């Protein structure tokens with residue numbers, strides 16, 4: 001979690017007039033050194049001799065790799081590197097170039113027999129453990145509500161994001177049930193019936209024991225153990241699966257020190273688990289999530305400055321105007337300003353958001369995280385080059401600031417793996433965004449894609 005919570009700015013305080021395109025002033029203090037433009041271009045290039053046989057080949061010319069020249073930084077800006085961000089906490093994390101990705105021995109090849117991405121819907125809950133249905137209800141007073149993301153919407157987003165590969169709903173029914181063993185029976189008399197140490201996860205072929213615990217911050221009644229769920233998902237992998245992601249509604253933990261975790265991928269095992277619980281917008285106040293400065297407004301220069309200032313209140317931050325910002329309303333032909341304009345054109349999320357708006361916000365967050373975790377199943381590591389969907393995230397605050405698009409480097413990896421083209425992939429994503437254009441994230445992403453296509 002971030003060391004200092006950034007101030008939450010209301011829509012009346014900020015008009016997002018200037019965009020921050022380079023790392024914040026905190027990046028130097030944290031020790032982050034972004035590779036120069038020529039080095040970043042080189043990271044997109046394939047080795048002269050392909051050491052691995054990978055399904056698909058999408059080598060692009062120098063013209064496309066030159067997107068960063070001129071106005072290209074308004075398409076793929078740098079990571080912000082704010083206090084408490086993942087990169088600022090580990091600035092020396094090694095970047096993964098295209099060549100290092102393709103040579104990675106732990107990465108699994110896509111084959112004609114194993115090429116399906118499966119998405120498993122949240123498990124059903126058996127009647128004998130109906131109390132589990134209350135574990136995903138936040139203990140918070142709120143006058144607004146949101147609808148849990150629909151599995152079909154998440155599935156359709158992932159179909160577009162991983163365009164070129166078949167993306168299907170996991171076909172077998174899953175359910176949480178009771179877990180009874182000698183040790184469990186003996187402990188039941190000491191524990192409340194609705195607070196078991198273990199629950200069963202029925203995956204069809206077997207019932208897997210899942211540890212549970214009380215939520216340390218008491219926002220949810222209980223949490224499920226992420227490692228146990230991931231082990232179960234490994235056992236669920238169909239023969240034709242390249243990867244499998246499981247969505248759950250319950251809160252998760254990984255180790256005893258965790259307050260919570262939102263998801264994890266075992267990339268080498270081709271499985272991932274994502275919880276929808278903490279992305280519920282009614283918890284934004286508790287997690288210091290500034291809805292109005294979610295991507296693309298996270299690049300608002302005033303917001304970036306406020307986050308840096310909040311980490312060192314005794315020293316005011318000085319900003320240079322040398323290439324760090326642009327006046328967004330004068331350059332709406334570029335992708336990021338176009339995205340910001342679409343974001344600003346919708347009713348603000350901070351004042352009186354509707355259930356539809358909040359439900360869309362929730363869906364966008366889950367879609368972005370699901371696509372990120374599946375990216376690890378493709379062997380793609382956390383991005384250190386750009387603001388990118390594959391950036392690491394140290395908090396829900398940072399998570400909301402990150403974009404849904406893949407940067408130049410990670411896009412090359414994705415296209416090589418899926419065998420599609422950048423244009424076809426963008427068109428598939430644009431079609432999804434148009435169907436959800438009342439949601440801030442998808443309206444902005446759609447505008448970003450439209451501008452990107454115009455400039456390709």
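Go through region 247-273 and count every residue that is crowded, with 21+ Cβ neighbours inside 10 Å and either under 21 Å from residue 107 (Cβ atoms) or free of Cβ contacts under 8 Å to residues at least 24 places away in the same chain (or both).
Number satisfying all stated conditions: 7.
Which residue pairs have Cβ atoms closer than 9 Å, lie 6 or more positions apart in sequence or on different chains, and pair a first residue in region 200-218 that is at pLDDT below 95 with a second residue that is assigned to a loop (DSSP other than H, G, I, E, B)?
204/172; 204/173; 204/174; 205/172
Suppose we keep only residues that are out of contact with any strand residue (DSSP E or B) (no Cβ under 6 Å at 6 or more places or on another chain) and within 22 Å of residue 407 (Cα to Cα) within region 107-117. Which one would you say is surrounded by the fewest Cβ atoms within 10 Å (Cβ to Cβ)?
In the first step, residues of region 107-117 are kept if they are out of contact with any strand residue (DSSP E or B) (no Cβ under 6 Å at 6 or more places or on another chain); the result is 107-109, 111-113.
Then drop every residue that is not within 22 Å of residue 407 (Cα to Cα), which leaves 107-109.
Details: 107: 20, 108: 17, 109: 13.
My answer is 109.
Which one of these is over 23 Å from residue 294 (Cα atoms) and out of contact with any strand residue (DSSP E or B) (no Cβ under 8 Å at 6 or more places or on another chain): 416, 382? If you could, list the steps in order and put the result at the bottom.
Working: 382 fails: over 23 Å from residue 294 (Cα atoms).
Testing whether each residue is over 23 Å from residue 294 (Cα atoms) and out of contact with any strand residue (DSSP E or B) (no Cβ under 8 Å at 6 or more places or on another chain) leaves just 416.
I need the full set of residues from region 255-286 which are assigned to a loop (DSSP other than H, G, I, E, B) and farther than 22 Å from residue 388 by Cβ, in order please. Steps first, please.
Initial filter on region 255-286 (assigned to a loop (DSSP other than H, G, I, E, B)): 255-260, 262, 270, 276, 280, 284-286.
Scanning region 255-286 gives 255, 256, 257, 258, 259, 260, 276, 280, 284, 285, 286.
Out of the residues in region 57-86 meeting the condition of being within 23 Å of residue 107 (Cα to Cα) and crowded, with 16+ Cβ neighbours inside 10 Å, tell me which one is modelled with the lowest pLDDT. Step through it out loud before you land on a result.
Narrowing region 57-86 to residues within 23 Å of residue 107 (Cα to Cα): 57-60.
Cutting the leftovers down to crowded, with 16+ Cβ neighbours inside 10 Å gives us 58, 60.
Details: 58: 44, 60: 48.
Once the filter is applied, the top-ranked residue is 58.
Each row is one residue, and each column tells you yes or no for (1) more than 27 Å from residue 435 (Cβ to Cβ); (2) exposed (fewer than 13 other Cβ atoms within 10 Å of the Cβ); (3) in contact (Cβ under 8 Å) with a residue 12 or more places away in the chain; (4) assigned by TED's automatic domain parsing to the domain that holds residue 362.
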{"position": "122", "(1), (2), (3), (4)": "no, no, yes, no"}
{"position": "127", "(1), (2), (3), (4)": "yes, yes, no, no"}
{"position": "130", "(1), (2), (3), (4)": "yes, yes, no, no"}
{"position": "145", "(1), (2), (3), (4)": "no, yes, yes, no"}
{"position": "158", "(1), (2), (3), (4)": "no, no, yes, no"}
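Anything in region 118-133 that is in a loop (DSSP other than H, G, I, E, B) and either at pLDDT below 95 or more than 18 Å from residue 150 (Cβ to Cβ) (or both)? List them, or say none.
Of all residues in region 118-133, those in a loop (DSSP other than H, G, I, E, B) come to 121-123, 126.
Result: 126, single match.
So which of 381, 424 is surrounded by fewer than 23 Cβ atoms within 10 Å (Cβ to Cβ) and closer than 18 Å to residue 89 by Cβ?
Details: 424 fails: closer than 18 Å to residue 89 by Cβ.
The conditions single out 381.
For region 170-182, does any single residue satisfy the condition of being surrounded by 16 or more Cβ atoms within 10 Å (Cβ to Cβ), out of contact with any helix residue (DSSP H, G or I) (no Cβ under 6 Å at 6 or more places or on another chain), more than 19 Å from residue 252 (Cα to Cα) and at pLDDT 95 or above?
Yes; the residues of region 170-182 include at least one that is surrounded by 16 or more Cβ atoms within 10 Å (Cβ to Cβ), out of contact with any helix residue (DSSP H, G or I) (no Cβ under 6 Å at 6 or more places or on another chain), more than 19 Å from residue 252 (Cα to Cα) and at pLDDT 95 or above.
The values are calculated or read from the model by the stated rules, or taken from the named source; none is laboratory data. From a predicted model like this one, the values you see are computed outputs, not experimental measurements. Neighbour counts run over all protein chains shown; Cβ positions are idealised from the backbone, glycine included.
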